[in-house]
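Everything on this sheet refers to the single structure shown next.
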Amino acid sequence: MPYCMFLLGTLILEIGLAELQKDRKGFVGYMSIVISLFVLFVSIQDFLMH
């Protein structure tokens with residue numbers, strides 16, 4: 001499960017960065033980056049706990 005969460009976080013981060021590079025500096029790009037950082041943080045914590 002932590003592997004899936006880690007890959008999901010990196011995918012969402014890539015989507016957010018792609019949105020920002022398209023000069024669509026809207027809510028979706030920034031929110032996806034914030035969500036991806038949270039998912040990556042949780043997955044890294046899960047790696048360290050087990």
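The values are calculated or read from the model by the stated rules, or taken from the named source; none is laboratory data. These figures come from a predicted structure and were not determined experimentally. Using ideal geometry, Cβ is built from the backbone for each residue, glycine included, and neighbour counts are taken over all protein chains shown. Surface accessibility is based on the protein's heavy atoms, side chains included, excluding ligands, DNA and RNA. Shrake-Rupley method; radii C 1.70, N 1.55, O 1.52, S 1.80 Å.
Details
- Share of carbon and sulfur in the accessible area of the chain stands at 75%, probe radius 1.4 Å.
- Sorted peptide list for 17-23, 35-41, criterion being average Cβ within 10 angstrom, highest first: 35-41, 17-23
- Phi angles of the stretch 34-50 translate, via the Karplus equation with coefficients 6.51, -1.76, 1.60 and θ = phi - 60°, into HN-Hα couplings of 5, 5, 5, 5, 5, 5, 5, 4, 5, 5, 5, 4, 5, 4, 6, 6, 10 Hz per residue; Gly and Pro are given as x.
- The slack in the chain from Tyr30 to Asp46, taken as 0.36 nm per residue of separation less the alpha-carbon distance, amounts to 3.3 nm.
- A 1.4 Å probe run over the chain, with the rest of the protein chains in place, finds 79 Å² accessible per residue.
- Look at (1) 40, 13, 11; (2) 31, 22, 19; (3) 25, 22, 12: the one that is Cα extents along the principal axes in Å derived from this structure is (1).
- Degrees separating the helix 2-21 axis from the principal Cα axis of the chain, which is the longest one: 10 degrees
- Value at 222 nm in deg cm²/dmol, rounded to 500, when DSSP H runs of n ≥ 4 in the chain each add -39,500 (n - 2.57): -30000 deg cm²/dmol
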